[in-house]
Amino acid sequence: MDHIKAIAFDLYGTLFDVHSVASRCEEQFAGRGQEISNVWRQKQLEYTWLRSLMNRYIPFEHVTEEALRFTCRHLGLELDERACRSLSDAYLRLQPFAEVPDALRELRDRGLKLAILSNGSPHSIGAVVGHAGLRSSFDHLLSVDPVRVYKPDNRAYELAEEAFGVDRRAILFVSSNAWDATGARYFGFPTAWINRAGKVFEEMGQRPDWELTGVDGLVKLFGTADSSAGNG
C-alpha cells in the first residue's frame, strides 16, 4: 500500500448512515419510518443521476427535498411544509457509523491525507461532518458543486486529484455505493468498496480492488506490509 498517499471517502452511506433519518421519519409517520427512508434514498440517488444526464444541476439539499416530496406522494402521506423542512434537515445531522471516528484517527496517524468527495453541497457536507465533530479528521471537504455535475461523472472525481495534487493512482477512493466505486474505478482510482450488508457488486465492467465490511478494514489494510494484493 506504499503507493497510496491519500484517501477520498464518499460521505453518504459510507461514513454516515443515511438511514439514521428513519427514526425522524418514524416520529412524523408512525409505522412508516424505514419505508420512507428506503424510498427517499433511492429516489434521491435517481434524481442526481437524472439531473446530471439532463444538465439540470441543483444543490444536493434541494434534490433531497424533491425526493422527499415524491416519496410522500408515492406512499400516500400528507407532507406539510413544516414536516418537509424538519425531515430534510435530518439529512444534515446524519450519524456516523460506529467504527468511523476511530478509523479516521488511525488512518491519519499513519500519515495519510484524507478527504470527503461527495455529491453533497458545501453546506450539506459541512453540516454533517461538523455535527459529528469530525471536521479535523479531513484535509479537504470536496463537493461536486464547483463542477455542477454529480458522481459518477469524471469531472466529480477529478476534484480529488486536483485537491490532493497527486496522481489518481495514488488516491484510494472508498465508497459503500457500488455504482460510485465503479465510476471511480473507471476514472482510474484504486477503490475499496465498503460492503456492510453483504450485497452483490454491480455488473458494469469493473471490480473494486478491495472489499471490506467497514471503514475499520482500511486500518488493517494499511497496517499490513503485504496488503497490496487486492480482492478484485
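Any read-out appearing in this document is the output of simple, stated calculations on the displayed coordinates, not a laboratory observation. Just so we're clear, the structure is a prediction, and the values are computed from it rather than from any experiment. As a convention, Cβ positions derive from the backbone with ideal geometry for all residues, glycine included, and neighbour counts pool all protein chains shown.
Table for the structure above
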| quantity | calculated |
| --- | --- |
| Modelled FRET efficiency - R0 30 Å, N154 with K199, Cβ distances, 0.05 increments | 0.75 |
| Dipole of segment 18-90, positive end: most advanced residue of W49, V63, F29 [Cβ charges, Cα centre] | W49 |
| Amide H contacts of F173 (H built 1.01 Å from N, under 5 Å, at least 5 apart or other chain) | A8, T191, A192 |
| Karplus-derived HN-Hα couplings along segment 162-178 (A = 6.51, B = -1.76, C = 1.60, θ = phi - 60°), whole Hz, x at Gly and Pro | 5, 5, 6, x, 10, 4, 4, 6, 9, 10, 7, 9, 10, 8, 8, 8, 4 |
| Whether segment 25-161 is rounded, prolate or oblate, judged on the alpha carbon gyration tensor where a/c under 1.5 counts as rounded | oblate |
